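Scroll down for the structure; my scribbles are underneath it.
Here, each number is a calculation from the coordinates, and none is a lab measurement. Bear in mind that the values here come from a model prediction, so they are computed numbers and not experimental data. Neighbour counts run over all protein chains shown; Cβ positions are idealised from the backbone, glycine included.
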Amino acid sequence: MEGADRRGTPQRAWLLVVAVALVATACGNRLDDAALVAANYIEIDGTALGGDAALGDVGGGADAAGQTGPSESTGRAGSTTRGGDDATPVHQDGSASRGTTPTSTESATAAPGDSSPIVVATIGNYSGIAGSTIGDFPDILRAWAADVNRTGGIDSHPIELIAVDDGADPARHRSLLKELVEERAVVAFIAMMAPLTGASGVEYLNRKRVPVIGGSIADQWYGTSAMHFPHASYHELYYRSNLAAWAPTLKQAGQTKLGTLVCSEAASCQGGEAIWSDNAAQYGLEHVYSGRASLAQPDFTAECIAMRRAGVQAVALSFDINSNRRVASSCARQDYRPRFLGVGTITAPDFAEDPNLDGYIVGAPVFPWTDSSTPARQRFHDAMAAAGMTPSPNGADGWTAAVLFETVADRIDGPVTSAAIIQGLYALDGDDLGGLTGPLRFAPSGPPPLRACGAGVIASDGAWIAFGDASIVCG
């Protein structure tokens with residue numbers, strides 16, 4: 001296994017893309033096979049088993065009824081699973097066709113010479129208010145898994161993906177981690193978007209030495225955990241990369257008076273507030289206003305008036321996607337139109353079509369989702385098209401985290417275990433995954449020695465335009 005594009009021969013198998021959403025009032029914490037079947041359609045040799053599309057909240061925004069064609073079954077709202085040669089065999093009880101599930105992560109999966117699946121998972125805040133912003137990550141990972149499995153998996157081992165909504169409950173998050181590691185043989189977690197719960201699992205993951213690759217990289221705890229491996233600049237570097245992306249356009253337009261408006265409910269909203277304000281001057285900007293407001297507010301007129309009085313010409317937002325829209329609409333009703341600034345995970349593709357958000361600048365931590373000028377980026381666009389999905393900032397983010405896992409797993413000479421994955425991550429020496437992210441290096445002792453890297457994308461006249469040549473710039 002010598003590179004991320006070199007994969008084994010196609011397997012004659014069925015497709016299993018497992019996505020499980022647990023609601024706090026239902027089913028408990030057990031991820032038993034009956035629950036898998038009850039929560040999903042799983043297509044087995046052309047026959048759909050299980051209940052209806054019960055995972056409507058996981059992917060966010062799609063028609064909860066879902067649609068099924070003659071050769072497809074709906075796994076959840078807005079996503080499909082396909083039978084064929086690109087996947088994992090499953091039993092009719094919904095369990096993967098593999099031997100006795102090991103209890104040790106050292107022997108969890110994928111011995112050479114067999115075709116057992118490599119089991120990975122994501123647990124996140126994929127419903128509720130947080131889900132409106134990050135609920136599409138399970139679908140993004142499903143698209144990646146399907147793309148890998150279509151071409152034979154990783155060295156003939158298909159990917160088995162488990163995606164779970166933790167309901168924003170830290171206790172449930174910890175319980176699910178234990179269940180997936182110790183009973184489902186998960187060797188790594190990918191793009192685990194859990195800003196409200198992720199900190200609760202750090203101690204367990206560090207103790208069990210199971211890696212998390214990508215996810216809530218903006219949160220401070222991400223850089224303090226030995227088992228969390230960011231796929232891009234993380235925490236302070238992440239927010240500095242936002243400033244680096246916003247500043248050139250703001251200075252050119254003479255919009256250097258910066259304001260920040262963030263949500264009052266969550267630390268994940270407030271993470272960038274101090275960094276943006278404290279470092280604005282280094283990027284030629286003057287911070288003149290700090291404001292906080294509730295995610296539940298239907299209107300932000302008072303905040304818009306306060307920003308106008310403070311002379312704010314550009315405002316960095318940190319809410320959920322729908323609140324960002326309401327802020328822009330509230331300001332427009334006051335005939336106040338500052339330039340709005342955001343980050344990838346709180347930016348929807350249709351922002352470019354909203355006249356109140358024209359000129360919106362995204363500071364993306366990875367490659368611009370609009371660009372397909374390199375083979376690695378073209379593969380992302382092809383996979384999104386195959387999954388019936390629109391390329392998006394979240395799509396680029398989740399895809400990059402998944403490709404980081406894939407790249408490392410593809411280079412392992414032997415069983416793909418948690419320990420082997422960790423060693424593979426330490427072996428990276430400036431890899432940028434074919435231009436998907438900045439140079440990656442990880443050290444066994446201390447936080448990842450990464451730089452502040454990112455790319456800028458701007459909404460202009462109904463379209464997204466990547467800055468310059470769409471390259472990732474590191475400062």
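Sort 177-189, 114-126 by the packing proxy (mean of other Cβ within 10 Å over each peptide's residues), most packed first.
Highest mean packing first, the order is 114-126, 177-189.
Using the Cα centre as the reference, give the magnitude of the dipole from point charges on the C-beta atoms of segment 351-475 (Lys, Arg: +1; Asp, Glu: -1; all else neutral), rounded to the nearest 20 debye.
For segment 351-475, the charge dipole is close to 360 debye.
What distance in nm separates the two pseudo spin-label positions at Asp382 and Ser329, each 7 Å out from Cα along the beta-carbon direction?
Reported label-point gap for Asp382 and Ser329 is 4.0 nm.
Each label point is 7 Å from the Cα along the Cα-to-Cβ direction; what then is the distance between the points at Ala302 and Thr390, in nm?
With each label point 7 Å from Cα toward Cβ, the separation is 3.4 nm.
How far apart, in nm, are two points set 7 Å out from the Cα along the Cα-to-Cβ line at Ile465 and at Ser290?
About 3.5 nm separates the two model spin labels.
What's the center-to-center distance, using Cα atoms, between segment 241-283 and segment 368-428 in Å?
29
In the neighborhood of Ala302, defined by Cβ-to-Cβ distances under 14 Å, what is the net charge if each Lys or Arg adds +1 and each Asp or Glu adds -1?
+3
Binning at 10 Å from 0, report for segment 362-475 what percent of all alpha-carbon pair distances ends up in each bin.
Result returned by the calculation: 13, 41, 32, 12, 2, 0.
R0 = 41 Å: FRET efficiency of Arg337 with Asp278, Cβ-based, nearest 0.05?
Efficiency computed from Cβ-Cβ geometry: 0.95.
How far is the Cα center of segment 177-233 from the Cα center of segment 132-175, in Å?
With segment 177-233 and segment 132-175 each reduced to a Cα centre, they are spaced 14 Å.
Please report, in debye to the nearest 20, how large the charge dipole of segment 149-197 is about its Cα centre when each Lys and Arg carries +1 at its beta carbon and each Asp and Glu carries -1 there.
So the dipole magnitude of segment 149-197 works out to roughly 80 debye.
Once you have a ≥ b ≥ c as the square roots of the Cα gyration tensor eigenvalues for segment 332-384, tell me rounded if a/c is under 1.5, and otherwise prolate or oblate according to whether a/b is larger than b/c.
Note, shape of segment 332-384 comes out prolate.
Quick check: residue separation of Lys178 and Asn322 times 0.36 nm, minus the Cα distance between them. What number comes out in nm?
Values: separation 144, 0.36 × 144 = 51.84 nm, distance 3.32 nm.
That works out to 48.5 nm of additional length.
Could you sort the peptides 214-220, 381-387 by per-residue average Cβ neighbour count (10 Å cutoff), highest mean leading?
Values: 214-220: 24.7, 381-387: 16.9.
Result, highest mean Cβ count within 10 Å first: 214-220, 381-387.
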